[in-house]
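The values are calculated or read from the model by the stated rules, or taken from the named source; none is laboratory data. Bear in mind that the values here come from a model prediction, so they are computed numbers and not experimental data. Every residue, glycine among them, receives a Cβ derived from its backbone with ideal geometry; neighbour counts consider all protein chains shown. We work out accessible area using only protein heavy atoms, side chains counted, and drop any ligands, DNA or RNA first. Shrake-Rupley method; radii C 1.70, N 1.55, O 1.52, S 1.80 Å.
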Number of protein chains: 4
Amino acid sequence: MKIPPKMKAAVLMAPNLLEINEVDTPLPGPADVLIRVEACAVCSSDLSLIAKPWVGQPPYGSFIPGHEYSGTVVALGETVDEFKVGDRVAVEAHLGCMRCRNCRLGYYTACLNYGKKGHRANGFTTDGGFAQYVVNHVNTVYPIPDAVDFDEASLITNLGCVLYGFETTGGYVVGDYVVVIGPGPLGLIAVEVAKALCAKRAVLVGTRASRLEVGKDLGADRIIDIHQEDPLRVVLEETRGMGADLVIESSGGVESPQMAIAMAKRMGKILLLGFPEEPVSADFSILGKNNKFIYTVRGEGWANCGRAVSLLASGKVNLRRLITHSFPLEQISEGFETFKGRIGGAIKVVVHPHGG
Amino acid sequence: MKIPPKMKAAVLMAPNLLEINEVDTPLPGPADVLIRVEACAVCSSDLSLIAKPWVGQPPYGSFIPGHEYSGTVVALGETVDEFKVGDRVAVEAHLGCMRCRNCRLGYYTACLNYGKKGHRANGFTTDGGFAQYVVNHVNTVYPIPDAVDFDEASLITNLGCVLYGFETTGGYVVGDYVVVIGPGPLGLIAVEVAKALCAKRAVLVGTRASRLEVGKDLGADRIIDIHQEDPLRVVLEETRGMGADLVIESSGGVESPQMAIAMAKRMGKILLLGFPEEPVSADFSILGKNNKFIYTVRGEGWANCGRAVSLLASGKVNLRRLITHSFPLEQISEGFETFKGRIGGAIKVVVHPHGG
Amino acid sequence: MKIPPKMKAAVLMAPNLLEINEVDTPLPGPADVLIRVEACAVCSSDLSLIAKPWVGQPPYGSFIPGHEYSGTVVALGETVDEFKVGDRVAVEAHLGCMRCRNCRLGYYTACLNYGKKGHRANGFTTDGGFAQYVVNHVNTVYPIPDAVDFDEASLITNLGCVLYGFETTGGYVVGDYVVVIGPGPLGLIAVEVAKALCAKRAVLVGTRASRLEVGKDLGADRIIDIHQEDPLRVVLEETRGMGADLVIESSGGVESPQMAIAMAKRMGKILLLGFPEEPVSADFSILGKNNKFIYTVRGEGWANCGRAVSLLASGKVNLRRLITHSFPLEQISEGFETFKGRIGGAIKVVVHPHGG
Amino acid sequence: MKIPPKMKAAVLMAPNLLEINEVDTPLPGPADVLIRVEACAVCSSDLSLIAKPWVGQPPYGSFIPGHEYSGTVVALGETVDEFKVGDRVAVEAHLGCMRCRNCRLGYYTACLNYGKKGHRANGFTTDGGFAQYVVNHVNTVYPIPDAVDFDEASLITNLGCVLYGFETTGGYVVGDYVVVIGPGPLGLIAVEVAKALCAKRAVLVGTRASRLEVGKDLGADRIIDIHQEDPLRVVLEETRGMGADLVIESSGGVESPQMAIAMAKRMGKILLLGFPEEPVSADFSILGKNNKFIYTVRGEGWANCGRAVSLLASGKVNLRRLITHSFPLEQISEGFETFKGRIGGAIKVVVHPHGG
């Protein structure tokens, strides 16, 4: 496959300034593949890091964001036999250093050498997918079947992150009562995963009626609009006062952790997918005295992106419904605005570096 | 609801001699319910224990077998508020003593006081469901929704046992490669559960083409007839030589454990659902050196029958397909013969104590 | 053994009013034993419940508190063969209903039928050990060897609770860096357990120099007086900036959870043994983004009191050092005052119902 | 530190022919350290691989065996800041490829790319420690404190392997009844670890009285000479017929797995540390029906060598007692003979490449 020496990419030049520049097409290292990017989705962390650089982020003028992408393998590093040119692939963001204690034990998304010693987080500490080509280490690449299109595949990290969350809490929810707080992309996917894994009931709590309706379309057995109903009362009623087996907090709201703690049953589990910027006030007495547990996830760990591809291909979860808008690379800023302002009911916005 | 003082029941009078007698309708104890039995399925352990008594089995003339049944609650013990008269219910066989070390830790199907100190196994050590009425402790009763009929519900222990097996091995198989050896009832259900829990591929291995076809109908992605193909070769080919993530051995064949050990990947898991009567010869060197693990289940533990009801009600597994024959109580011996001889392609045979 | 029909007991007559009355000696039920109480320790929950009744507590005039006790079996219920008269025993407080979902799965300290359907918590919902005799269900009784004296044995629930906490977090800390916040009885025992289980380093954080010194005597590798040093800085220095593998919060202080969250390493664990009465303010962003987990314990679950007896008998933990004072039953109020006011450096205070 | 360009090493020239040759001192790669070897122990796998090459083993004339060694860091690869020259260190054998599925999930000793793609097993697929210098990747190196001498430190992989086994089975044995079959080095260490982790009772089963006596010295609460007593009978007597919580099979005997299965309690665990070369005959019916589990270990995984160093330094285990003989490098063949023939009661034999 012919690879041009130059490519178009969205380079972060200054706070909130993404410029479409022509830059050198990158070259894969020995254990890397070069991917022709077909779709790269906008994530809320993208909004944050273009506004104010994150730890380990390269300087203005030399950094291409974007960590949720998919594409086609076009070149292989010299040691790579896991892939071949032409493979359609999805990716994950985190490559651990593979030498710190966490990486050695399998927790590579929680690498203790963030940004150092071989660690890479494409779109965070190394160049990402808002470009026509990108380099990925083989550890971060997953083949996708023909039935999965590139737009959907660009959301694999979202699905992988939610699956990692479920695995972290035990991964077995057959017949369980699950509550999801916050109908953002991760919350909506969490509803889908809960049902795919055979939860008895997935209840979605939120404040926006339109998003809650999307949740219903995606399989929520019950939606609760906080403006209309008291979620805690509903959950206790539906569970004979026992509470939920698993509460997934994905809103990032400062009052949501307390709601999650209150809703979980004695010996129940709370999974945090959203992270409030402000300090949280919570009743640790009911948490402790009732033997409830708080789990968290960092990224799409334990190779769950591979599981995510399989789940997506099975048709049991629907990521396409979340993709409301797409833009060519040249209009990336409009894409960011659409996502940020939820213009036209935007949920996920995808950028196409090669047009279309 | 009017409960007659006498009822019809299949009493084991001598080896392989079930007689339909009129006996006293039993009375529920303080924490029991009385169930009007609508359906009771024949299990291979029934064949075994009517031929030769199991440990703890009551003497001939005073024992009603049958442990896979469903029905309607018709009377409540004095402390029971978990159920009400008229509830449609499924059951599980094991009530632990709830005072041995295993019961206290939640492993009540592995009770150390089998047949003693309050332990009951209906259809094994206490009267079972081949009768018009039966007494169950509340711990062993699960409500079923209207959408689940009694015949299907009588197979809940089978589904609960398979789910317990999955939970025991981790319970999280999204994207995994699962092999099931043996297309008996448990094996067929294991294929269904693997797919319901989002395994990437469920491969069914067996010797009988007709049963393998049933497995295909129920969701097996691939069937392997041992007479036609080498299962190990197929599995290694399909997994690039790695082997299966999980191998479930449910055939009880004496050569099957070795096949399971060989098929599991390095760090893979083997789950035993079938138990060969003869000593097994196996290569423990490849088991050990490749860090493979062997898991087992005893009954339908950890309250998985409750999960099973939810899964069945969701429509994601199909137990009805397994029920090939039904008989009124008077023809129970014909039912046993049909099941034993697989007459007419029999898979599961259900007995109806009230006719129908 | 001759059992008198009447006994002396400390009956709660009104808020903070314990009266030594002569009452009927209780009779064991079918699965109970009658214990002659030799020692009963004062716990901070005793202070709380005599001041203001807890949920499920019997009315004034009919309730004997005390849940940390030991003694000798003097009579057996009709089904009991687990013990014999003359056995020296320790106890745990919680008897689950053994029929709710939590009890069935082994989480009997988190019983969903607290105070109902057979659930008992001696000293909380049923009579306890500040009396000459007490009745215990066999599930809550553990034999102690001769080498363990009754005073030490009365603290078994404390050790069982700490062990349950360790087991809940994984139970395997060989070579780990463990921090304990709060040098109360549970915190001091946590230091001992951490070392007994081969933690590399057990660091004790507190505000009172005298208690920290006790911690040092009991095996703490490092003590940190918050008035003198910044605990977070010390922990990061000692761990090359990584943080602790496990942080145990047992102070109940409102600022301690945040300290625990900050101290835990990425992928580290936080165990809550103390429960602040006031709402806690904490940074859930660093909790979540760093994949830290919060575990809790309710009581001395999973039969850990049995493990505790073994550990105590091995001599690897020292509970005697915590027992600073003892009083005969008649002076129980002085005992409570001594414990509450930490008079004379009191850590644990033990009451002897038969004098001595 | 001055490093000579040439060094002495034991090169495998032909079956069972180790020759002391002068070869080039190796150079560390970017993430490696160069270690001056002070002690390298002989393992039974060394006997096997010098007799007949293992998979992935380099050809005769170009391979230095030895995987149990310790020494001093004398040079650093360019990216290494985890160590400094002069550090005293122990090592582990396995460096995973860190890109296969198992390595990514933390199971690097079960790497799926054995001998390929960066995987190294020093002393198996790459040069080992029967030499004056050796190269190790930083992942396989652990600092040791001054209190631990080099001879003891050379046995760290043995202790790490046993610890990995315990961790694999849950890692929490406080108060448990543990049986160890086989008083070889791993079995003796297993007894020590069981006691260090506070097992109530560690019972050692074997055939050689002298080795059993060593086990007693190292902490076994009970030794059983198979020639004198029936081990199963003893275990059942001591556990009131229940069986052992954990049985560790380290003899590699072909009849030992069946003994282990029989001895484990219902819901008990069996850990295989020894691997019979011949097929094993075992009763899978009692295994399955009693819900027993079989665990295995491959190498010293999950970074347990780091934990092992801490445990060794604490003085709670004694590896020195296992080291019965030492030889200079020149007498390595005598060392191998001594170990193989158990000459002079040999348990572990250590080789000193720099004399002494």
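Listed by chain and number, the lysines placed with their C-alpha closer than 17 angstrom to that of C:K52 are C:K340; residues fewer than eight positions away on the same chain are left out. Look at where the Cα atoms of segment A:1-18 and of segment A:278-301 average out, and the two centres are 41 Å apart. Near the amide H of A:V205, within less than 5 Å, lie the amide hydrogens of A:V180, A:I181, A:G182, A:I224, all on another chain or at least 5 residues away, with H placed in the peptide plane. Candidate cross-link partners of C:K8 among the aspartates and glutamates, defined by an alpha-carbon separation under 20 Å and a same-chain spacing of 8 or more, comprise C:E19, C:E22, C:D24, C:E38, C:D46, C:E68, C:D127, C:D151, C:E330, C:E334. The same position C:K6 in the other copies lies at 5.8, 10.1, 10.6 nm from this copy, comparing label points 7 Å beyond Cα toward the beta-carbon, shortest first. With Cα atoms as the point set, segment B:160-296 shows a radius of gyration and Dmax of 13.2, 37 Å. Note on D:A209 and C:D217: their simple-model spin labels are 4.8 nm apart, each label 7 Å out from Cα toward Cβ. Placing +1 on the Cβ of every Lys and Arg and -1 on the Cβ of every Asp and Glu, with no other charges, gives chain A a dipole of roughly 880 debye about its Cα centre. A Förster radius of 22 Å, combined with the Cβ-Cβ distance separating C:E22 from C:L47, puts the computed FRET efficiency at roughly 0.30. In a DSSP loop and with at most 15 other Cβ atoms within 10 Å, the GluC sites (Glu not before Pro) in segment D:19-91 are D:E78. Karplus-based coupling profile of segment B:224-239, in residue order and whole Hz: 10, 8, 4, 6, 10, 9, 8, x, 4, 4, 4, 5, 5, 4, 6, 10, with θ = phi - 60° in 6.51 cos²θ - 1.76 cosθ + 1.60 and x standing for Gly or Pro. A straight Cα-to-Cα reach below 27 Å connects C:K6 with the lysines C:K84, residues fewer than 8 places away in its own chain not being considered.
Between chain A and chain D, the total buried accessible area stands at approximately 1800 Å², from heavy atoms with a 1.4 Å probe. Separation of segment D:66-125 and segment C:320-356, taken as the distance between their Cα centroids, equals 57 angstrom.
How far, in nm to one decimal, is B:V23 from itself in the other copies if the label point is set 7 angstrom along Cα toward Cβ? Shortest first, please. B:V23 label point versus its equivalents elsewhere: 4.6, 7.7, 8.0 nm.
What chain C shows is 34 Å² of accessible area per residue, with the surface traced by a 1.4 Å probe over protein heavy atoms.
Overall, the accessible surface of segment B:147-245 at a probe of 1.4 angstrom is composed of carbon and sulfur to the extent of 49 percent. Each Cα pair under 8 Å and six or more residues apart adds its sequence gap; the mean of these over the residue count of segment B:160-296 is a relative contact order of 22 percent. Each residue of segment B:3-18 was assigned a 3J(HN,Hα) from its phi angle through the Karplus expression (A = 6.51, B = -1.76, C = 1.60, θ = phi - 60°), giving 10, x, x, 10, 9, 8, 8, 8, 9, 7, 9, 6, x, 6, 10, 9 Hz with x at Gly and Pro. With θ taken as phi - 60° and the Karplus curve 6.51 cos²θ - 1.76 cosθ + 1.60 applied, the whole-hertz 3J(HN,Hα) list for segment A:146-162 is 4, 5, 9, 7, 5, 4, 4, 5, 5, 9, 4, 4, 4, 5, x, 5, 5 Hz, x standing for glycine and proline. Determine the shape class of the protein assembly as shown: with a ≥ b ≥ c the square roots of the Cα gyration tensor eigenvalues, call it rounded for a/c under 1.5, and otherwise prolate if a/b is greater than b/c, oblate otherwise. The shape class here is rounded.
Computed from Cα positions, the angle between helix D:185-196 and the longest principal axis of chain D comes to roughly 70 degrees. Projected label points at B:I343 and B:N113, each 7 Å from Cα along the beta carbon direction, are separated by 4.3 nanometres. Dipole of chain A computed with +1 at Lys/Arg Cβ and -1 at Asp/Glu Cβ about the Cα centre; of A:T25, A:V254, A:G61, farthest Cα towards the positive end is A:V254. Between the helical axis of B:304-313 and the longest alpha-carbon principal axis of chain B there is an angle of about 90 degrees.
Classification of segment C:16-113 by its C-alpha gyration tensor yields an oblate form. The axis ratio a/c (a ≥ b ≥ c) is 1.5 or more, and b/c is at least a/b.
Have a look at B:T168, B:A202, B:S45 and report the one farthest towards the positive end of the charge dipole of chain B, computed about the Cα centre with Cβ charges (Lys/Arg +1, Asp/Glu -1). The one lying farthest along the dipole's positive direction is B:T168. Once the partner protein chains are put back, segment A:99-139 shows a loss of at least 20 square angstrom of accessible area, versus the chain by itself, at A:R99, A:R101, A:N102, A:R104, A:L105, A:G106, A:Y107, A:Y108, A:A110, A:L112, A:K117, A:N139 (probe 1.4 Å, ligands and nucleic acids excluded). Summing Cβ point charges (Lys, Arg +1; Asp, Glu -1) relative to the Cα centre of segment C:160-296 gives a dipole of roughly 420 debye. Each Cα pair under 8 Å and six or more residues apart adds its sequence gap; the mean of these over the residue count of chain D is a relative contact order of 18 percent. So, in Å, what gap is there between the alpha-carbon centers of segment B:31-49 and segment C:135-196? If you average the Cα positions of each part, the centres end up 44 Å apart. Nearest to the axis that brings chain C onto chain B is this chain C residue, judged by its Cβ, with the distance in whole Å: C:G106, 1.
Over all other residues within a Cβ to Cβ distance under 13 Å of B:V91, the charged ones net out to -4, with Lys and Arg as +1 and Asp and Glu as -1.
Of the beta bridges in the protein assembly as shown, as assigned by DSSP with both residues counted there, near 55 percent are antiparallel. Summarising the strand pairing of chain C, around 55 percent of its internal DSSP beta bridges are antiparallel. Provide the FRET efficiency to the nearest 0.05 for the B:K2-B:S62 pair, computing r from the beta carbons and using R0 = 22 Å. Given R0 = 22 Å and the Cβ-Cβ separation, E is 0.25. Label points for B:E337 are taken 7 Å from Cα along Cα→Cβ. From this copy to the others they lie 7.7, 8.3, 8.8 nm apart, shortest first. Pairs of Lys residues in segment C:160-296 that lie 8 or more places apart, or on two chains, and have C-alpha atoms under 19 angstrom apart add up to 9. Between amide H atoms placed 1.01 Å from N, distances below 5 Å from D:F327 occur with D:V350, D:V351, D:H352, all of them 5 or more places distant or on a separate chain. Adding -39500 (n - 2.57) for every DSSP H run of four residues or longer, then dividing by how many residues chain D holds, sets the calculated 222 nm ellipticity at -7000 deg cm²/dmol.
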